[in-house]
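A.B. asks: Here it is, the structure, as structure tokens.
The values are calculated or read from the model by the stated rules, or taken from the named source; none is laboratory data. Note that the structure is a prediction, hence the values are computed from the model and not measured. Because the Cβ atoms are built from the backbone with ideal geometry, glycine has one as well, and the counts that use them run over all protein chains shown. Note: accessible area is taken over every heavy atom of the protein model, side chains too, but ligands, DNA and RNA are not part of it. Shrake-Rupley method; radii C 1.70, N 1.55, O 1.52, S 1.80 Å.
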Amino acid sequence: PPASQNNEQGSTLRDLLTTTAGKLRLGSTDAGIAFAPVYSTGAASGKSGRTMPNILDDIIASVVENKIPPNRAPKINVKSEIKEEPKDDKKCIQDDCSKRYSDIQYSWICDKHVLWLRDHKNSNNWKLFKECWKQGRPVLVSGMHKKMNFSLWKAESISLDFGNQQADILNCKDSIISNTNVKEFWDGFEDVSKRQKVKNGETALLKLKDWPSGEDFKAMMPARYEDLLKSLPLPEYCSPEGKLNLASHLPGFFVRPDLGPRLCSAYGVAATKDHDIGTTNLHIEVSDVVNILVYVGIAKGNGVLSKSGVLKKLEEEDLDDLLRKRLKDSSELPGALWHIYAGKDADKIREFLQKIAKEQGLEVLPEHDPIRDQSWYVNKKLRQRLFEEYGVKTCTVIQFLGDAIILPAGALHQV
């Protein structure tokens, strides 16, 4: 700064902090600070008085107080902004989008909580997606299978190419994991008679657990890896090279979560006696997730629900009218049932599940977290109780062949 400028302004952050720190009135209870302290000065800090975080807060507060000239009003009037904020931001974003994005085919489903992009080819989809993503809402993009080489993703094709591989197979009903030949899983994928039986003679509900995943996927299935990457929805966000894919552009010293891709394959519940179980229990992902339904098998054999039976079971769910309409479209093939919850409801859901566990006589240990442990599939009866007792509503989505479901990190879901 010019020499004539007051030295207190400081030319560096160090100067600014040291000159301001000397003026601090430690122990002052002056209410005029701009930021509330991060740490309290009471019992939490013991008898030693002010802690370092408090001092830094006061420095920041003092800087804000002292360095804004009294004759210049702050640029942002917080009170006026709060007044102008719409009461119903859902309605606001929808009304605004209908005017600004008239060239995009889209709908709102699940009580306006989920954006459905109906034309996967529209290059402007990402602009509307951005508005929705800001608010942490799930997004559904349909028709992705039309961009893919469908023959690569058939069960028989994967079994033929990789049947001799070993992988972990999970029995979803009793959570027992076994390491076995992949061919055994795929042989029973659409032929119930070839599926494993459990002790009581019931057909096992099996899941091929994240096989293959990450670099293994790329090395083992290069053709499928390339087919998947070129077919990703909203490539600006979802592609590893996407300009708005933050995770892909982080510096190398960050520890990144497993960004996949991974293949998730499971039998449907149509051949089991208990249709109120899932292949993926309620859980949270630490990163945003894109899940594309690349193949839907039609199981054959004794005890399997017919197509009309499957549709009837799905119609019993609390579905959006647009999803009911898709169910009646013979060109659509339903394959997975999702229940999704907003991240803000995680504490309520955790408390609810611990309450249910106690009701059922289960031991609830202090370190036990029902969501982290993925120990619950919340059935229809429990979903109703969750709404009635805690006000948490379930967002129910049917995933059809070719649908991509995009979930923000922190969203709870089961499948």
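A.B. asks: Any idea what the alpha-carbon Rg over 2.2 N^0.38 Å comes to for region 158-291?
C.D. replies: Here the answer is 1.22, to two decimals.
A.B. asks: Which value results when the Cα radius of gyration for region 114-170 is divided by 2.2 N^0.38 Å?
C.D. replies: Normalised Cα radius of gyration, region 114-170: 1.67.
A.B. asks: Still on this model: When the solvent-accessible surface of protein heavy atoms is calculated with a 1.4 angstrom probe, in what order do S308, S157 fall, highest first?
C.D. replies: Listed by decreasing accessible area, they come as S308, S157.
A.B. asks: Kirkwood hydrodynamic radius, computed over distinct alpha-carbon pairs, for region 173-232: how many Å, to one decimal?
C.D. replies: 13.7
A.B. asks: Of the listed pairs K154/K313; K121/K146; K273/K381; K173/K380; K183/K307, which have alpha-carbon separations greater than 19 Å here?
C.D. replies: K154/K313; K183/K307
A.B. asks: Take peptides 335-344, 175-184 and line them up by average Cβ neighbours within 10 Å, highest first, as a rough protection proxy.
C.D. replies: Packing proxy ranking, top to bottom: 335-344, 175-184.
A.B. asks: Assign unit charges at the C-beta atoms only (+1 for Lys and Arg, -1 for Asp and Glu), then state the dipole size of region 160-211 relative to its Cα centre in Debye, rounded to the nearest 20.
C.D. replies: It comes to approximately 200 debye.
A.B. asks: Rounded to two decimals, what ratio of Rg to Rh does region 302-415 give with C-alpha atoms and a Kirkwood Rh?
C.D. replies: 1.01
A.B. asks: Take the Cα radius of gyration of region 100-208 and divide it by 2.2 N^0.38 Å, with N its residue count; two decimals is plenty.
C.D. replies: Computed over Cα atoms of region 100-208, the ratio equals 1.54.
A.B. asks: Taking 0.36 nm per intervening residue step and subtracting the Cα-Cα distance, what contour gain separates R324 from E202 on full extension?
C.D. replies: That works out to 40.8 nm of additional length.
A.B. asks: Residues with beta-carbon under 14 Å from that of Y267, excluding Y267: net charge, scoring Lys, Arg +1 and Asp, Glu -1?
C.D. replies: Once positives and negatives cancel, what remains is +2.
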